[in-house]
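Just below is one structure, and these are the notes that go with it.
Quick note: the coordinates plus some simple rules give every number you see, no bench work behind them. Since the model is a prediction, treat every value here as computed from it, not as a measurement. Neighbour counts are summed over all protein chains in view; Cβ atoms, including those assigned to glycine, are modelled from backbone coordinates with ideal geometry.
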Amino acid sequence: MRVYSAKLLGSDIESDDVVQEAFLTGWRQISELDSPAHIRNWLMRIVTRKAIDRIRVRREHDDIDDWDPPAPAATNPERIVETRLQLDAVSEALDRLPADQRRCWLLRETAGYSYQEIADALELPIPTVRGLLARARRYVLHEMEAWR
C-alpha cells in the first residue's frame, strides 16, 4: 500500500499519511466489506481514493481574478441604484425651480452653452442669465446637500 501510494503521489512522506488515513477509513468502514477475501482490493481502492484526494488538494489552481476580473465599480448594483436616486433628486430639485432658472441651468450644465448663447436662446440680457444661473446653482446645491 505504501509503495503504491508513493508511486501515485511521487512522495514517500505523503504516502505514509495516505496509508494511515486508508487504514483509519478501513477500520471505520469494515462493516461494509462483503468478504474477508476481498480486503486487499478494498484497502487498495481506499488508498487510491485518498491519494487522488491528496493530488487534487495540492494541484495549483488558476486565480479566478486572472480570468474573470471583478466588474467595474460603475456596474455595481448598489452604485447604479445610488446614481439613479441622485439623478431623481436632481430632477426633482430642477422641477421646483422657476422656469427661467431651470432653462438657464439646463442649457449651461447639460448642453454646455456659454452665457452669450443662453442669452441669445432665451432672449435675455447676459447679467440676467448670470443671476438666474447663480440662484439656480445655489438652490440645486442646497437641495443636493444630503448627497455629499
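When mean projected area of the Cα convex hull in nm² is calculated for this entry, the matching label among [x] 17.8; [y] 12.0; [z] 11.5 is [x].
Between ARG84 and ILE13, the contour length at 0.36 nm per residue exceeds the alpha carbon distance by 19.6 nm. Relative to its Kirkwood radius, the Cα radius of gyration of the stretch 73-147 gives an Rg/Rh of 1.08. The mean sequence distance of close C-alpha pairs (under 8 Å, at least 6 residues apart), as a share of the length of the stretch 2-58, puts its relative contact order at 41 percent.
Against the chain, whose longest principal axis comes from its Cα atoms, helix 126-143 is set at around 40 degrees. Once the Cα atoms of helix 99-109 and of the chain are each reduced to a long axis, what angle between those two axes, in degrees from 0 to 90 to the nearest 10, is obtained? So the inclination is approximately 50 degrees. Of the GluC sites (Glu not before Pro) in the stretch 82-148, the ones in a loop by DSSP (not H, G, I, E or B) with at most 10 other beta carbons within 10 Å are GLU123. Placing +1 on each Lys and Arg Cβ and -1 on each Asp and Glu Cβ, with no other charges, gives the chain a dipole about its Cα centre of roughly 260 debye.
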